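All of the numbers you see were taken from the coordinates with simple rules; none came from a lab. Small disclaimer: the values here were computed from a predicted structure and weren't measured. Don't worry about glycine lacking a Cβ; one is built from the backbone with ideal geometry, like all the others, and counts go over all protein chains shown.
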Amino acid sequence: MYTVTIEIHATSSNYWGKMEFIDKSGNLHERNLQGGQKATVNSNALQAAIDALKVLNSICLLDIHTDNDYLINSVRSGWLASWQKNDWKTAKGKSVSNMEQWKILSALLARHSVRFYKI
C-alpha cells in the first residue's frame, strides 16, 4: 500500500496543492493540483480533495495536509459519518452545506485509510 501525501489550499476563487508518493522502485511521483470556481473557501477545499482522490488507482494510506478546518473537523469529529446516517442533515436538522461534494468525497475516501493534518 502506498502512502500518498496530499497538500490542499483554497480561497474563494481557486485551489491549489500537490500530491506525491514514492513507488516500489523508490521513484518520487508528483502531481500539482490547481483549479477553482467562484465559491466558498470550503467548497474549493472540498473540490481540491475530490480532484486529488479521483486520480488514485489503488487503495492508499492518505496523508492529507490542509489549512481548511471545515474539511479536517468534518471528518475527524465524526460529522461526516453523522451526516450520512442522518440523510445529510446536520444535528440541527438543516441540510449539510456542500452536500453533493461531501457525498462524492465520502465515497472516494471510503476505500482508503486517511489521516488529516492541520498546516
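Here are a few things to note about the model shown:
- Trypsin sites (Lys or Arg not before Pro) restricted to the stretch 38-119 and DSSP loop, no more than 14 other C-beta within 10 Å: Lys38, Lys92, Lys94, Arg111
- Given charges at Cβ of Lys, Arg, Asp, Glu: the chain dipole, positive-most of Tyr117, Phe21, Trp79: Trp79
- In the structure shown, the pairs Lys24/Lys118; Lys54/Lys118; Lys54/Lys94 are assessed against 25 Å; a Cα-Cα span above that value is assigned to Lys24/Lys118; Lys54/Lys94.
- Rh (Kirkwood; distinct C-alpha pairs) - the chain, Å: 14.7
- The chain: relative contact order as a whole-number percent, Cα under 8 Å and 6+ apart: 28
- In this simple spin-label approximation, Asn86 and Leu28 carry label points 7 Å from Cα along the Cα→Cβ vector, and these lie 4.3 nm apart.
- In a fully extended conformation the segment linking Ser95 and Ser77 would gain 4.7 nm over its present Cα-Cα distance, using 0.36 nm per residue.
- Here the stretch 1-43 is described by how far its Cα atoms reach on the three principal axes: 41, 15, 10 Å, from widest to narrowest.
- Each of Lys118 and Lys54 was given a label point 7 Å from its Cα along the Cα-to-Cβ line. The distance between the two points is 3.0 nm.
- Only helices enter the 222 nm calculation for the chain: every DSSP H run of n ≥ 4 contributes -39,500 (n - 2.57), and dividing by all residues gives -10000 deg cm²/dmol, rounded to 500.
- Given +1 at the Cβ of Lys and Arg, -1 at the Cβ of Asp and Glu and no other charges, the dipole of the chain around its Cα centre is 440 debye to the nearest 20.
- The chain: antiparallel DSSP beta bridges as a percent of all, rounded to 5: 55
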